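K.L.:
Please find one structure pasted underneath; my questions will follow.
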Amino acid sequence: MSIAKAARNLPKPIEPEAEQAEQLRDRDIVKQTLYLPPGVHEQLREAAFSQRKSMQSIAREAFDLWFEKHGFARWDEAKRRKV
C-alpha cells in the first residue's frame, strides 16, 4: 500500500475547538455565543496568548468580577444552582 493511500485511511485529527466542545458535552454546560468587534476579539486573543490562558478563562474572570460588583453569586456558586 502506498504512503498516500495509508495516510488517507488514518483518522482525521480532532480540531481543538471540536475537542473542547466534546469535553463540554460531558458536563452540565450551556454554550453561549458572544459577539465581539474584531479589535476586541484580537485584543482578547492576544491577552490570552500572552497570559497563557484560554479566552474562556478570561471571560469567566470578567463575569466573576461583574457578578461580584453587582451582588450576584460568583461563578462557582452559581454553577451549582439547579435550574
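K.L.:
With a Förster radius of 35 Å, plug the Cβ-Cβ distance of Lys31 and Arg8 into 1/(1 + (r/R0)^6) and report the FRET value to the nearest 0.05. Kindly include the intermediate steps, with their values, before the conclusion.
P.N.:
On the way: r = 32 Å, r/R0 = 0.93.
The value I calculate is 0.60.
K.L.:
If I model a spin label as a point 7 Å beyond the Cα along the Cα-Cβ vector, how far apart are those points for Glu77 and Ser54 in nm?
P.N.:
In this crude spin-label approximation the distance works out to 2.5 nm.
Just so you know, all these numbers are worked out from the coordinates, no wet-lab data involved. Since the structure is predicted, the reported quantities are computational estimates derived from the model, not experimental observations. FYI the Cβ positions are ideal-geometry reconstructions off the backbone, even for glycines, and counts take in every protein chain you see.
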